[in-house]
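Report on the following structure.
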Amino acid sequence: MSAVCSPHLKGQLGELETEYNRDGNSVELTSVGDGSFVIKVPKVRIPPGWNANEADIWFVIPVQYPSARPDCFWTVESLLLEGGRIPQNTGPNPLPGHAQAIPLRWYSWHVQQWSPIGDTLATYLQVIRRRFADLK
C-alpha cells in the first residue's frame, strides 16, 4: 500500500487488509496516474461452482470515489465456472494503467445501488463475492 491516497481511502484499505489479508499476502494499491487507483485483493474465497476456491481480485477505485462507485473487476483469465464454462459478461481485457504478466479476465458486473455515505471498498468486495455465489 505505497500509493499516496486520502485518509478516508487509507481507512477503507485498512478495513480490507484486516478482512482479506491471506497468508501474508496483503492488499495492494497502485496509482494509475489519472487520480484513480487499482486495488488488488489477494486470495478472495470463491464459492463452489467455480474451478478454484480462491482468486486474486483487481478493481479500479475511480477518481471521484466514494461519490463514484467502483465498477467492474478482474481475475486471472483461468478462473472459470465448473466444467470450463466462461462466465457471462466477461472477457479478456487489460486492467487500466497496468501491465500484466498474466492474462486477466474482465467482469462487466455492475453495482446496482451505491451509497457514498454507507458503502465502502469492503462492501464492494462483498458485492463481487455475492455475484460469484449467484452463478453457481
Looking at Asn25, is it within 22 Å of Pro103 (Cα to Cα) and modelled with pLDDT under 85? yes
Would you tally the residues in segment 112-136 being crowded, with 16+ Cβ neighbours inside 10 Å and under 21 Å from Val76 (Cβ atoms)? 7
Going by what's in this entry, would Trp109 be described as among the hydrophobic types (A, V, I, L, M, F, W, C), without any contact (Cβ under 8 Å) to a residue 40 or more places away in the chain and either touching a helix residue (DSSP H, G or I) at 6+ places or on another chain (Cβ under 9 Å) or crowded, with 17+ Cβ neighbours inside 10 Å (or both)? yes
Candidate set: segment 42-58, residues that are assigned to a loop (DSSP other than H, G, I, E, B) and of a type outside the set (Val, Ile, Thr); chosen: the one surrounded by the fewest Cβ atoms within 10 Å (Cβ to Cβ): Asn53
So which residues in segment 119-136 are free of Cβ contacts under 8 Å to residues at least 12 places away in the same chain and within 14 Å of the chain's Cα centre (by Cα), if there are any at all? Thr123, Gln126, Arg130
Take Ala68 and tell me if it is surrounded by 17 or more Cβ atoms within 10 Å (Cβ to Cβ) and small (Gly, Ala, Ser). no
Name the single residue, out of those in segment 79-118 being of a type in the set (Val, Ile, Thr), closer than 25 Å to Ala68 by Cα and part of a loop (DSSP other than H, G, I, E, B), that is nearest to the chain's Cα centre (by Cα). Val111
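Here is a yes/no grid of residues against (1) at pLDDT below 90; (2) among the acidic types (Asp, Glu); (3) farther than 21 Å from Glu19 by Cα:
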site	(1), (2), (3)
Arg85	no, no, yes
Gln88	no, no, yes
Pro94	yes, no, yes
Ala99	yes, no, yes
Gln112	yes, no, yes
Tyr124	no, no, no
Kindly list the number of the only condition in (1) without any contact (Cβ under 8 Å) to a residue 60 or more places away in the chain; (2) assigned to a strand (DSSP E or B); (3) closer than 16 Å to Ala122 by Cβ; (4) of a type outside the set (A, V, I, L, M) that fails for Trp74. (3)
Ile61 versus (1) crowded, with 18+ Cβ neighbours inside 10 Å; (2) among the aliphatic types (A, V, I, L, M); (3) free of Cβ contacts under 8 Å to residues at least 12 places away in the same chain: which is the lone unmet condition? (3)
Within segment 83-105, the residues that are farther than 18 Å from Ile128 by Cβ and polar (S, T, N, Q) are Gln100
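The values are calculated or read from the model by the stated rules, or taken from the named source; none is laboratory data. Since we're looking at a predicted model, the values are computed, not measured. When we count neighbours, we look across all protein chains shown, and the Cβ atoms used for this are built from the backbone with ideal geometry, even at glycine.
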